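So the structure is just underneath, and the comments pick up after that.
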Amino acid sequence: MYFSCDDTAVAVVTSDRVILSSERITERAIQRKQGGINPSVCAQQHRQNLPILIEKCLEDAGTSPKDLDAVAVTVTPGLVIALKEGIAAAISFARKHKLPLIPVHHMRAHALSILLVDDSVQFPFSTLLLSGGHALIAVAENAENFKLYGQSVGGSPGECIDKVARHLGDLESEFDGVHAGVAVETLASRSSEFGHQRYPISFPSVGKADMNFDQIKGSYLNLLDKLRRTEKEKVNVSDFCASLQNTVTRHIASKLHVFFDTLDSEKRLPKQLVVGGGVAANEYIFNAVSKLSSAYGVSTVKTPLTLCTDNAEMIAYTGILMHLNRSESIYWRSEDIPDTI
Ligand code: KG4
Ligand code: ZN
(Lines give C-alpha, C1' and ligand atoms only; values in the text may rest on other atoms or scores of the structure.)
(Ligands and ions follow the chains in the order given, each with its own letter.)
Protein backbone atom coordinates (compact mmCIF):
# COMPACT_ATOMS: atom_id res chain seq x y z
CA MET A 1 0.00 0.00 0.00
CA TYR A 2 1.27 3.46 -0.72
CA PHE A 3 0.02 6.88 0.33
CA SER A 4 2.53 9.56 1.15
CA CYS A 5 1.19 12.63 -0.60
CA ASP A 6 -1.43 13.21 -3.28
CA ASP A 7 -1.46 9.69 -4.74
CA THR A 8 -3.33 6.79 -3.18
CA ALA A 9 -2.05 3.46 -4.42
CA VAL A 10 -2.35 -0.21 -3.63
CA ALA A 11 -0.66 -3.23 -5.23
CA VAL A 12 -0.41 -6.97 -4.77
CA VAL A 13 3.07 -8.28 -5.65
CA THR A 14 4.61 -11.75 -5.31
CA SER A 15 8.12 -12.59 -4.10
CA ASP A 16 8.95 -13.87 -7.57
CA ARG A 17 8.32 -10.33 -8.80
CA VAL A 18 4.94 -10.66 -10.45
CA ILE A 19 2.71 -7.61 -10.09
CA LEU A 20 -0.68 -9.28 -9.67
CA SER A 21 -2.56 -6.00 -9.44
CA SER A 22 -1.84 -2.32 -9.06
CA GLU A 23 -4.20 0.60 -8.62
CA ARG A 24 -3.54 4.29 -8.19
CA ILE A 25 -5.75 7.32 -7.83
CA THR A 26 -4.19 10.74 -8.32
CA GLU A 27 -6.43 13.68 -7.65
CA ARG A 28 -3.96 16.18 -9.06
CA ALA A 29 -6.59 18.17 -10.94
CA ILE A 30 -8.48 18.94 -7.73
CA GLN A 31 -5.26 19.89 -5.95
CA ARG A 32 -4.15 22.09 -8.84
CA LYS A 33 -7.35 24.09 -8.79
CA GLN A 34 -6.57 24.87 -5.16
CA GLY A 35 -3.11 26.13 -6.10
CA GLY A 36 -1.12 23.16 -4.78
CA ILE A 37 -1.23 20.24 -2.35
CA ASN A 38 -3.79 20.72 0.41
CA PRO A 39 -2.88 18.32 3.26
CA SER A 40 -6.36 17.86 4.67
CA VAL A 41 -7.85 17.29 1.21
CA CYS A 42 -5.12 14.68 0.58
CA ALA A 43 -5.96 12.90 3.83
CA GLN A 44 -9.66 12.93 3.05
CA GLN A 45 -9.01 11.51 -0.44
CA HIS A 46 -6.88 8.71 1.00
CA ARG A 47 -9.58 7.83 3.53
CA GLN A 48 -12.22 7.77 0.82
CA ASN A 49 -10.21 5.95 -1.85
CA LEU A 50 -8.29 3.37 0.17
CA PRO A 51 -11.03 0.83 0.91
CA ILE A 52 -12.11 0.96 -2.75
CA LEU A 53 -8.57 0.39 -4.02
CA ILE A 54 -7.80 -2.41 -1.54
CA GLU A 55 -10.93 -4.27 -2.57
CA LYS A 56 -10.30 -3.72 -6.28
CA CYS A 57 -6.67 -4.85 -6.02
CA LEU A 58 -7.53 -8.06 -4.20
CA GLU A 59 -10.23 -8.77 -6.76
CA ASP A 60 -7.96 -8.03 -9.75
CA ALA A 61 -5.24 -10.24 -8.26
CA GLY A 62 -7.76 -13.03 -7.63
CA THR A 63 -6.49 -13.05 -4.04
CA SER A 64 -8.21 -13.11 -0.69
CA PRO A 65 -6.53 -11.54 2.37
CA LYS A 66 -5.77 -15.02 3.72
CA ASP A 67 -3.52 -15.68 0.68
CA LEU A 68 -1.31 -12.70 1.58
CA ASP A 69 1.94 -13.11 3.54
CA ALA A 70 2.36 -9.54 4.77
CA VAL A 71 1.28 -5.91 4.38
CA ALA A 72 3.77 -3.15 3.61
CA VAL A 73 3.02 0.51 4.13
CA THR A 74 4.86 3.80 3.57
CA VAL A 75 5.74 5.34 6.92
CA THR A 76 8.18 8.11 5.96
CA PRO A 77 9.02 10.59 4.50
CA GLY A 78 5.92 12.39 3.30
CA LEU A 79 3.00 14.51 4.30
CA VAL A 80 2.35 13.35 7.88
CA ILE A 81 -1.41 13.80 7.74
CA ALA A 82 -1.53 11.70 4.55
CA LEU A 83 0.89 9.05 5.84
CA LYS A 84 -1.25 8.62 8.95
CA GLU A 85 -4.26 7.61 6.86
CA GLY A 86 -2.31 4.86 5.13
CA ILE A 87 -0.70 3.66 8.33
CA ALA A 88 -4.06 3.46 10.11
CA ALA A 89 -5.59 1.51 7.24
CA ALA A 90 -2.60 -0.86 7.05
CA ILE A 91 -2.61 -1.49 10.81
CA SER A 92 -6.29 -2.33 10.84
CA PHE A 93 -6.01 -4.55 7.73
CA ALA A 94 -2.97 -6.41 9.10
CA ARG A 95 -4.58 -6.94 12.51
CA LYS A 96 -7.88 -8.04 11.05
CA HIS A 97 -6.25 -10.63 8.79
CA LYS A 98 -3.45 -11.57 11.24
CA LEU A 99 -0.69 -10.50 8.86
CA PRO A 100 2.72 -9.06 9.69
CA LEU A 101 3.17 -5.36 8.97
CA ILE A 102 6.26 -3.92 7.33
CA PRO A 103 6.95 -0.19 7.55
CA VAL A 104 8.67 1.05 4.38
CA HIS A 105 10.81 4.12 3.73
CA HIS A 106 9.45 5.81 0.61
CA MET A 107 12.83 6.89 -0.82
CA ARG A 108 14.42 3.49 -0.27
CA ALA A 109 11.50 1.98 -2.14
CA HIS A 110 12.21 4.36 -5.05
CA ALA A 111 15.77 2.97 -5.17
CA LEU A 112 14.82 -0.68 -4.71
CA SER A 113 11.98 -0.68 -7.26
CA ILE A 114 14.52 -1.38 -10.00
CA LEU A 115 15.04 -4.88 -8.51
CA LEU A 116 11.49 -5.72 -9.54
CA VAL A 117 12.36 -5.47 -13.21
CA ASP A 118 16.12 -5.55 -13.75
CA ASP A 119 18.22 -8.63 -12.93
CA SER A 120 21.47 -6.87 -13.78
CA VAL A 121 21.37 -4.62 -10.71
CA GLN A 122 23.49 -5.91 -7.83
CA PHE A 123 24.22 -4.61 -4.33
CA PRO A 124 26.04 -2.44 -3.53
CA PHE A 125 24.84 0.18 -6.02
CA SER A 126 24.82 3.96 -5.95
CA THR A 127 21.51 5.71 -6.22
CA LEU A 128 20.40 9.19 -7.21
CA LEU A 129 16.80 9.83 -6.20
CA LEU A 130 14.98 12.87 -7.46
CA SER A 131 11.36 13.38 -6.50
CA GLY A 132 8.70 15.93 -5.70
CA GLY A 133 9.69 15.88 -2.04
CA HIS A 134 13.38 14.99 -1.88
CA ALA A 135 16.73 14.60 -3.59
CA LEU A 136 19.49 12.36 -2.36
CA ILE A 137 22.65 10.54 -3.33
CA ALA A 138 23.36 7.30 -1.47
CA VAL A 139 24.91 3.86 -1.69
CA ALA A 140 22.51 0.96 -1.18
CA GLU A 141 24.65 -1.66 0.60
CA ASN A 142 21.64 -3.97 0.77
CA ALA A 143 17.84 -3.62 1.02
CA GLU A 144 18.06 -2.17 4.51
CA ASN A 145 21.38 -0.34 4.68
CA PHE A 146 21.74 2.87 2.76
CA LYS A 147 24.69 5.18 3.27
CA LEU A 148 23.71 8.77 2.57
CA TYR A 149 26.30 11.00 0.85
CA GLY A 150 24.22 14.02 -0.09
CA GLN A 151 20.69 15.31 0.18
CA SER A 152 18.70 18.41 -0.49
CA VAL A 153 18.84 20.86 2.38
CA GLY A 154 16.22 23.07 0.73
CA GLY A 155 13.23 21.82 -1.28
CA SER A 156 13.29 19.26 -4.06
CA PRO A 157 13.85 19.29 -7.83
CA GLY A 158 10.22 18.30 -8.49
CA GLU A 159 8.71 21.01 -6.31
CA CYS A 160 11.14 23.60 -7.72
CA ILE A 161 10.20 22.80 -11.32
CA ASP A 162 6.48 22.50 -10.53
CA LYS A 163 6.34 25.81 -8.64
CA VAL A 164 8.18 27.82 -11.29
CA ALA A 165 6.00 26.18 -13.96
CA ARG A 166 2.87 27.21 -12.08
CA HIS A 167 4.09 30.82 -12.03
CA LEU A 168 4.83 30.68 -15.74
CA GLY A 169 1.21 29.77 -16.49
CA ASP A 170 -1.18 26.90 -16.09
CA LEU A 171 1.10 24.51 -17.95
CA GLU A 172 -0.45 21.35 -16.48
CA SER A 173 -3.86 22.22 -17.95
CA GLU A 174 -2.33 23.27 -21.24
CA PHE A 175 -0.65 19.88 -21.38
CA ASP A 176 -3.76 17.96 -20.46
CA GLY A 177 -3.19 17.37 -16.77
CA VAL A 178 0.33 15.88 -16.94
CA HIS A 179 2.86 16.62 -14.19
CA ALA A 180 4.21 20.17 -14.52
CA GLY A 181 7.66 18.57 -14.87
CA VAL A 182 6.58 16.84 -18.07
CA ALA A 183 5.23 20.13 -19.46
CA VAL A 184 8.51 21.89 -18.62
CA GLU A 185 10.53 19.16 -20.33
CA THR A 186 8.38 19.37 -23.48
CA LEU A 187 8.55 23.17 -23.61
CA ALA A 188 12.31 23.17 -22.95
CA SER A 189 12.81 20.80 -25.90
CA ARG A 190 11.26 23.49 -28.13
CA SER A 191 13.75 26.10 -27.00
CA SER A 192 16.33 27.55 -29.40
CA GLU A 193 19.98 26.37 -29.38
CA PHE A 194 21.17 28.89 -26.77
CA GLY A 195 17.74 29.43 -25.22
CA HIS A 196 18.83 27.85 -21.95
CA GLN A 197 21.37 30.65 -21.52
CA ARG A 198 18.86 33.42 -21.93
CA TYR A 199 17.71 33.66 -18.31
CA PRO A 200 20.78 33.26 -16.12
CA ILE A 201 20.49 33.12 -12.33
CA SER A 202 23.10 32.78 -9.61
CA PHE A 203 23.98 29.15 -8.99
CA PRO A 204 23.03 27.76 -5.54
CA SER A 205 25.84 27.44 -3.04
CA VAL A 206 25.75 24.48 -0.68
CA GLY A 207 28.57 22.29 0.61
CA LYS A 208 29.71 18.77 -0.29
CA ALA A 209 27.19 16.60 -2.17
CA ASP A 210 24.21 18.41 -0.63
CA MET A 211 21.74 20.28 -2.83
CA ASN A 212 19.44 23.26 -2.51
CA PHE A 213 16.51 23.58 -4.88
CA ASP A 214 14.75 26.30 -2.90
CA GLN A 215 17.56 28.67 -3.91
CA ILE A 216 17.04 27.83 -7.59
CA LYS A 217 13.27 28.17 -7.23
CA GLY A 218 13.57 31.54 -5.44
CA SER A 219 15.94 32.92 -8.08
CA TYR A 220 13.65 31.97 -10.97
CA LEU A 221 10.53 33.27 -9.24
CA ASN A 222 12.27 36.60 -8.55
CA LEU A 223 13.54 36.77 -12.11
CA LEU A 224 10.06 36.08 -13.46
CA ASP A 225 8.53 38.80 -11.30
CA LYS A 226 11.22 41.24 -12.37
CA LEU A 227 10.75 40.47 -16.06
CA ARG A 228 6.99 40.89 -15.73
CA ARG A 229 7.31 44.15 -13.78
CA THR A 230 9.65 45.77 -16.24
CA GLU A 231 7.65 44.38 -19.19
CA LYS A 232 10.52 45.17 -21.56
CA GLU A 233 9.96 41.91 -23.37
CA LYS A 234 7.51 39.05 -23.17
CA VAL A 235 8.95 36.04 -21.35
CA ASN A 236 9.86 33.27 -23.78
CA VAL A 237 8.31 30.30 -21.97
CA SER A 238 10.33 27.63 -23.82
CA ASP A 239 13.65 29.36 -23.16
CA PHE A 240 12.65 29.97 -19.56
CA CYS A 241 11.83 26.26 -19.09
CA ALA A 242 15.11 25.30 -20.79
CA SER A 243 17.03 27.58 -18.45
CA LEU A 244 15.28 26.17 -15.38
CA GLN A 245 15.79 22.57 -16.50
CA ASN A 246 19.43 23.24 -17.34
CA THR A 247 20.16 24.86 -13.96
CA VAL A 248 18.48 22.03 -12.03
CA THR A 249 20.46 19.51 -14.10
CA ARG A 250 23.80 21.26 -13.61
CA HIS A 251 23.20 21.49 -9.88
CA ILE A 252 22.44 17.76 -9.64
CA ALA A 253 25.38 16.86 -11.89
CA SER A 254 27.82 18.99 -9.91
CA LYS A 255 26.83 17.17 -6.70
CA LEU A 256 27.02 13.78 -8.33
CA HIS A 257 30.50 14.77 -9.44
CA VAL A 258 31.51 15.43 -5.80
CA PHE A 259 30.09 12.04 -4.82
CA PHE A 260 31.85 10.18 -7.65
CA ASP A 261 35.16 11.92 -6.88
CA THR A 262 34.99 11.04 -3.19
CA LEU A 263 34.19 7.36 -3.65
CA ASP A 264 36.42 6.92 -6.68
CA SER A 265 39.44 8.27 -4.81
CA GLU A 266 38.69 5.80 -1.99
CA LYS A 267 38.34 2.99 -4.55
CA ARG A 268 34.84 2.07 -3.38
CA LEU A 269 32.67 3.51 -6.10
CA PRO A 270 29.97 0.96 -7.05
CA LYS A 271 29.81 0.12 -10.74
CA GLN A 272 26.12 0.96 -11.10
CA LEU A 273 24.08 4.08 -10.45
CA VAL A 274 20.32 3.61 -10.17
CA VAL A 275 18.38 6.77 -10.95
CA GLY A 276 14.80 6.94 -9.70
CA GLY A 277 11.99 9.13 -8.39
CA GLY A 278 9.49 11.13 -10.44
CA VAL A 279 12.02 13.66 -11.75
CA ALA A 280 14.21 10.84 -13.10
CA ALA A 281 11.57 10.54 -15.84
CA ASN A 282 13.15 13.68 -17.28
CA GLU A 283 15.31 12.59 -20.25
CA TYR A 284 17.44 15.73 -20.26
CA ILE A 285 18.42 15.24 -16.61
CA PHE A 286 18.94 11.51 -17.07
CA ASN A 287 21.16 11.97 -20.13
CA ALA A 288 23.38 14.47 -18.33
CA VAL A 289 23.70 12.14 -15.33
CA SER A 290 24.43 9.19 -17.60
CA LYS A 291 27.20 11.06 -19.43
CA LEU A 292 28.87 12.01 -16.16
CA SER A 293 28.61 8.45 -14.83
CA SER A 294 30.26 6.95 -17.88
CA ALA A 295 33.26 9.24 -17.36
CA TYR A 296 33.74 7.35 -14.06
CA GLY A 297 33.12 3.93 -15.59
CA VAL A 298 29.75 3.72 -13.87
CA SER A 299 26.73 2.39 -15.76
CA THR A 300 23.51 4.29 -15.21
CA VAL A 301 20.33 2.33 -14.73
CA LYS A 302 17.10 4.18 -15.30
CA THR A 303 14.04 3.14 -13.37
CA PRO A 304 11.28 2.45 -15.95
CA LEU A 305 8.77 5.25 -16.30
CA THR A 306 5.93 3.32 -14.64
CA LEU A 307 8.07 2.77 -11.54
CA CYS A 308 9.71 6.24 -11.54
CA THR A 309 6.72 8.18 -10.32
CA ASP A 310 5.07 7.10 -7.11
CA ASN A 311 3.54 3.64 -7.14
CA ALA A 312 2.52 0.92 -4.71
CA GLU A 313 4.51 -1.88 -6.32
CA MET A 314 7.78 -0.35 -5.13
CA ILE A 315 6.47 -0.28 -1.55
CA ALA A 316 5.18 -3.84 -1.83
CA TYR A 317 8.44 -5.16 -3.24
CA THR A 318 10.57 -3.37 -0.62
CA GLY A 319 8.28 -4.95 1.96
CA ILE A 320 8.88 -8.36 0.39
CA LEU A 321 12.65 -7.93 0.60
CA MET A 322 12.33 -7.04 4.28
CA HIS A 323 9.86 -9.84 4.93
CA LEU A 324 12.28 -12.34 3.41
CA ASN A 325 15.05 -10.96 5.66
CA ARG A 326 12.74 -11.12 8.70
CA SER A 327 14.44 -7.94 9.87
CA GLU A 328 13.61 -7.71 13.60
CA SER A 329 13.89 -3.95 14.00
CA ILE A 330 11.57 -3.07 11.19
CA TYR A 331 9.18 -5.93 11.00
CA TRP A 332 6.12 -6.49 13.16
CA ARG A 333 4.40 -9.80 13.62
CA SER A 334 0.64 -9.37 13.71
CA GLU A 335 0.47 -9.63 17.53
CA ASP A 336 3.23 -6.98 17.95
CA ILE A 337 1.78 -4.29 15.70
CA PRO A 338 1.76 -1.00 17.65
CA ASP A 339 -1.29 1.27 17.68
CA THR A 340 0.58 3.95 15.78
CA ILE A 341 3.89 3.92 13.97
O1 KG4 B 1 8.56 10.55 -6.97
P2 KG4 B 1 7.33 11.31 -7.34
O3 KG4 B 1 6.31 10.63 -8.19
O4 KG4 B 1 6.59 11.81 -6.07
C5 KG4 B 1 7.23 12.16 -4.90
O6 KG4 B 1 7.70 11.25 -4.17
O7 KG4 B 1 7.34 13.36 -4.68
O8 KG4 B 1 7.79 12.65 -8.04
C9 KG4 B 1 6.85 13.59 -8.50
C10 KG4 B 1 7.59 14.71 -9.17
C11 KG4 B 1 6.70 15.91 -9.51
O12 KG4 B 1 7.27 17.07 -9.00
C13 KG4 B 1 6.70 15.90 -11.03
O14 KG4 B 1 6.57 17.18 -11.63
C15 KG4 B 1 8.06 15.31 -11.33
O16 KG4 B 1 8.17 14.26 -10.40
N17 KG4 B 1 8.18 14.84 -12.72
C18 KG4 B 1 9.06 15.38 -13.58
C19 KG4 B 1 8.86 14.72 -14.81
N20 KG4 B 1 7.87 13.79 -14.65
C21 KG4 B 1 7.48 13.87 -13.34
N22 KG4 B 1 9.96 16.36 -13.41
C23 KG4 B 1 10.72 16.70 -14.46
N24 KG4 B 1 10.58 16.14 -15.69
C25 KG4 B 1 9.68 15.15 -15.92
N26 KG4 B 1 9.57 14.59 -17.12
ZN1 ZN C 1 8.18 9.46 -4.57
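The values are calculated or read from the model by the stated rules, or taken from the named source; none is laboratory data. As the structure is a prediction and not an experimental result, all values here were calculated from the model. Because the Cβ atoms are built from the backbone with ideal geometry, glycine has one as well, and the counts that use them run over all protein chains shown. For accessibility, only protein heavy atoms count, side chains too; no ligands or nucleic acids. Shrake-Rupley method; radii C 1.70, N 1.55, O 1.52, S 1.80 Å.
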Residues satisfying the stated conditions in the stretch 88-109, i.e. out of contact with any Leu (no Cβ under 9 Å at 6 or more places or on another chain), away from ligand 1 (no atom under 16 Å from the Cβ) and not in a loop (DSSP other than H, G, I, E, B): Ala88, Ser92, Lys96, Leu101, Ile102, Pro103
Failed criterion for Ala180 (all others in (1) open to solvent by 40 Å² or more (accessible area, probe 1.4 Å); (2) free of Cβ contacts under 8 Å to residues at least 24 places away in the same chain; (3) within 16 Å of ligand 1 (Cβ to nearest atom) hold): (1)
Options Asp162, Asp170: the member that is open to solvent by 50 Å² or more (accessible area, probe 1.4 Å) and either within 15 Å of Leu244 (Cβ to Cβ) or within 15 Å of ligand 1 (Cβ to nearest atom) (or both): Asp170
Single match in Tyr220, Tyr296, Tyr317 (criterion: touching a Leu at 6+ places or on another chain (Cβ under 9 Å) and in the same structural domain as Gly86 (by TED's automatic domain parsing)): Tyr317
All strands (runs of 3 or more DSSP E) inside the stretch 110-165 with 2 or more residues being farther than 16 Å from Ser293 by Cβ: 135-140, 146-154
Single unsatisfied condition, Phe123 versus (1) within 16 Å of ligand 1 (Cβ to nearest atom); (2) in the same structural domain as Cys160 (by TED's automatic domain parsing): (1)
Spans of helices (runs of 4 or more DSSP H) in the stretch 232-341 with at least 3 residues surrounded by 15 or more Cβ atoms within 10 Å (Cβ to Cβ): 237-265, 283-295, 312-325
Odd one out for Ala72, checked against (1) open to solvent by 30 Å² or more (accessible area, probe 1.4 Å); (2) under 19 Å from Arg24 (Cβ atoms): (1)
